Amino acid sequence: MTKVKVEHLKKNFGSLEVLKDLNVEVQEGEVVCIIGPSGSGKSTFLRCMNALEEITGGKVIIDDFDLTDPKQDINKVRENIGMVFQNFNLFPHLTVLENITLAPRELKKDSTEAIKNRALELLETVGLSEKANDYPKSLSGGQKQRVAIARALAMNPDIMLFDEPTSALDPEMVGDVLEVMQKLADQGMTMLVVTHEMGFAKEVADRVIFMDGGYIVEEGKPEQLFNHPQHERTKNFLEKIL
Ligand code: ADP
Ligand code: MG
């Protein structure tokens, strides 16, 4: 089943053309890693998936919801899409548990008790049960990011977007976060992951997309893209980072 369909997506900031005719389809349960140089439009692309950016042209369809339809209830669509950012964006004045339960409590779909239990379960999944009542400032970067992942999962999304989730972390913290993401992938979550972690992309991704200059230059299975890149720009990029 197709989860995400992006057709001729364009995004301009004023006269700056940042995304130029992107076409992507993501199937249910697929893990797609997006790589490419800084400024190539990776973050903007992810943000368009979540209607955090207004789209200049083309279509973004998530499940059967057309994000570009002005009549679409964007909040309804967003409930199904979790997003994790480079800098965690936890609420500093809320405890770990409160960070995780805030959005589901506002949604009022489940009882307070059920929401709390689900949050505790998620904390266990990310290995942070003992931090439930702590504040973000007392956590390491890796722990903060795992809380951010648990918070995104608390809405029971069926798609997760990750924007360089490990880029702000000290090297020794990276593994714990990637491990949580790998677990999520193993459970069948549909994931779009912007990352510089080529090891993760090689191991976990079903498909890797290389972006440059607002275009998808090349995409393929990790083995193909990393070992047999077809385009000069892909080769140059991989030479620099591998
Ligand atoms: P990446 O994530 O690949 O590094 P971005 O999507 O962040 O790239 O940025 C792509 C281009 O869009 C850059 O030139 C950046 O300066 C520009 N850009 C991103 N966000 C904005 C914004 N809100 N306003 C103006 N320009 C932006
Ligand atoms: Mg970025």
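The table below gives the values:
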quantity	calculated
Linear extension gain, Y215 paired with H231, 0.36 nm per residue minus alpha-carbon span	4.5 nm
The chain - Kirkwood radius from inverse mean 1/r over Cα pairs (Å)	18.5 Å
Potential lengthening between Q224 and Q27 on full extension [0.36 nm per residue; Cα-Cα distance subtracted]	69.0 nm
Choice from S138, S40, S15 with maximal GNM fluctuation in the chain (Cα, 10 Å cutoff)	S15
Cβ-Cβ FRET estimate between E54 and D170, R0 fixed at 51 Å, reported to 0.05	0.90
Equivalent ellipsoid semi-axes - Cα gyration tensor, region 152-242, angstrom	24, 15, 12
Table column - 3J(HN,Hα) (Hz), region 195-212, Karplus curve with 6.51, -1.76, 1.60, x for Gly and Pro	7, 9, 7, 5, x, 5, 4, 5, 7, 9, 5, 7, 8, 10, 10, 9, 10, 8
Estimated FRET transfer efficiency when R0 is 45 angstrom, pair E239-N75 (beta carbons, to 0.05)	0.55
Region 20-65: GluC sites (Glu not before Pro) in DSSP coil with no more than 11 other Cβ atoms inside 10 Å	E54
Cross-link reach list, aspartates and glutamates versus K109, counting only Cα pairs under 13 Å and skipping chain neighbours closer than eight places	E79
In region 42-71, the trypsin sites (Lys or Arg not before Pro) that fall in loop regions by DSSP, at most 14 other Cβ within 10 Å	K71
Length-normalised contact order of the chain in % [C-alpha pairs under 8 Å, at least 6 apart]	26 percent
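Each value in this text was obtained by applying a stated rule to the coordinates, not by laboratory testing. As the structure is a computational prediction, the values presented were derived from the model and not from experiment. A quick note on method: Cβ atoms are made from the backbone with ideal geometry, for glycine too, and the neighbour counts reach across all protein chains shown.
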